[in-house]
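Contents: one structure, followed by commentary.
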Amino acid sequence: MKDDIEESPEKDEFNGDDLANEYNSDIDNLEKRTLDSKRIRIIDESKKKAVIESVLDERTHELLGKLLVNGSLESITGIISAGKEANVYLAYDQNHKEVAVKIYKIDTNTSKWMRNYIIGDPRFKKVPHNISKIIFLWASKEYKNLKRAHRVGLTVPEPILIKNNVLIMEYIGFGSIPAPKLKNIKNPKDVDILFDEILKFVKDLYQNARLVHGDLSEFNILYHNQKPVIIDISQAVDIQHPKAEIYLVRDIKNIFNYFGKQGLNLPDPKSFYYEVIDI
Ligand SMILES: Nc1ncnc2c1ncn2[C@@H]1O[C@H](COP(=O)(O)OP(=O)(O)OP(=O)(O)O)[C@@H](O)[C@H]1O
Ligand SMILES: [Mg+2]
């Protein structure tokens, strides 16, 4: 899949070295200094320092400054989620449209298990040793996976830009309220239809995007407009990956488990598995 190993088109957007100096600030002084005080408005001030310190190492900090200056982002207004591997922020683009910004943490522990999903994927021939580089590769993997899925019409957030550990993508939600996870929906409407839509996603992802999600469950499905939008696709592997079938079985199990608990009469998961891999 040649088009999946292409460099992202945003490659040349960052050439202002003079800007780098402007944002070369010390994390401890973050509160006092202006990261870009005119443009960044972090709503929850109490969380601000902790959140920024947990994820914004100096380079990420600098990169966000550049994204704000070059117009990729107009403002970052608040945090949607603080996770183990990444934080997700609500931001606005230059047309004042909401976007989601996922910032991956540069962390030794996470970079270790990430290797399992990178080694064996034909798209990634070399696995870097450097922690930051693994994380950057991981972030670009999510971008590429989103691209592949979006290109074949699947309901995932449209990827907008990837640079190092920062991924900008379509925001799923209404105004400043992000869409809830399926896990947090008490009684989803028409569960049978929802189940079919998710099964179709799994099948189309495999057959058309040639990917296996690898972490599919009610935790990584947003419920928007009574439709499922699948997120968190960084670990998704090419179907040629040696563990693709194992991950597929796990995804199918998770989905069948969830819908079983919703009281749905389930078809045979094995037949569904064979239906998916029967290209
Ligand atoms: N495009 C988006 N639009 C709106 N909300 C989003 C978007 N992407 C992610 N989120 C929110 O951020 C949360 C974390 O995102 P994601 O699952 O991709 O990251 P993660 O690193 O796996 O975090 P976690 O460990 O919490 O699952 C999601 O559960 C969802 O609530
Ligand atoms: Mg997740």
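The values are calculated or read from the model by the stated rules, or taken from the named source; none is laboratory data. These numbers come from a predicted model, not from an experiment. No Cβ is skipped: glycine too gets one built from the backbone with ideal geometry, and neighbour counts run over all protein chains shown.
When you go through ILE135, ILE168 one by one, which is the residue that is closer than 21 Å to GLY214 by Cα and either among the β-branched types (Val, Ile, Thr) or in the same structural domain as ARG115 (by TED's automatic domain parsing) (or both)?
On the way: ILE168 fails: closer than 21 Å to GLY214 by Cα.
From the options ILE135, ILE168, the qualifying one is ILE135.
Please specify each residue of region 171-197 satisfying the condition of being in a helix (DSSP H, G or I), surrounded by 16 or more Cβ atoms within 10 Å (Cβ to Cβ) and within 16 Å of ligand 1 (Cβ to nearest atom).
LEU182
Quick check on region 139-170: of everything there that is away from ligand 1 (no atom under 11 Å from the Cβ), assigned to a strand (DSSP E or B) and not β-branched (Val, Ile, Thr), which residue is farthest from LEU264 (Cα to Cα)?
Filtering region 139-170 for residues that are away from ligand 1 (no atom under 11 Å from the Cβ), assigned to a strand (DSSP E or B) and not β-branched (Val, Ile, Thr), the one farthest from LEU264 (Cα to Cα) comes out as LYS163.
List, please: which pairs have Cβ atoms under 7 Å, are six or more places apart or on different chains, and start with a residue in region 185-214 that is touching a residue at least 40 places away in the same chain (Cβ under 8 Å) and end with one that is hydroxyl-bearing (Ser, Thr, Tyr) and in a strand (DSSP E or B)?
Listed by first residue and then by second, the contacts come to PRO188/TYR223.
Check whether at least one residue in region 260-276 is within 16 Å of ligand 1 (Cβ to nearest atom) and surrounded by 14 or more Cβ atoms within 10 Å (Cβ to Cβ), and report yes or no.
Step one: list which residues in region 260-276 are within 16 Å of ligand 1 (Cβ to nearest atom), which gives none.
No, the conditions are met nowhere in region 260-276.
TYR89 is checked against (1) touching a residue at least 40 places away in the same chain (Cβ under 8 Å); (2) buried (at least 20 other Cβ atoms within 10 Å of the Cβ); (3) closer than 18 Å to ILE231 by Cα and fails just one. What number does that condition carry?
TYR89 satisfies every listed condition except (1).
Anything in region 206-219 that is assigned to a helix (DSSP H, G or I) and more than 16 Å from ligand 1 (Cβ to nearest atom)? List them, or say none.
Within region 206-219, TYR206, GLN207 meet the criteria.
Quick check on my filter: what residues within region 231-257 are in a strand (DSSP E or B) and either assigned by TED's automatic domain parsing to the domain that holds ILE103 or touching a strand residue (DSSP E or B) at 6+ places or on another chain (Cβ under 6 Å) (or both)?
Passing the criteria: only VAL237.
Filter region 238-253 down to residues that are within 16 Å of ligand 1 (Cβ to nearest atom) and in contact with a helix residue (DSSP H, G or I) (Cβ under 8 Å, 6 or more places away or on another chain), then give me how many there are.
Final tally of qualifying residues: 1.
Which is more than 14 Å from THR155 (Cα to Cα), more than 22 Å from the chain's Cα centre (by Cα) and β-branched (Val, Ile, Thr), of ILE185, ILE193?
Matching residue, one of ILE185, ILE193: ILE193.
Taking region 166-200 only, how many residues are of a type in the set (Phe, Trp, Tyr) and touching a Lys or Arg at 6+ places or on another chain (Cβ under 7 Å)?
Taking region 166-200 as the starting set, the residues that turn out to be of a type in the set (Phe, Trp, Tyr) are 171, 174, 195.
Next cut, touching a Lys or Arg at 6+ places or on another chain (Cβ under 7 Å) only: none.
Within region 166-200, residues that are of a type in the set (Phe, Trp, Tyr) and touching a Lys or Arg at 6+ places or on another chain (Cβ under 7 Å) number 0.
How many residues are within 26 Å of ILE76 (Cα to Cα) and in contact with a Ser or Thr (Cβ under 9 Å, 6 or more places away or on another chain) if we restrict to region 173-187?
3
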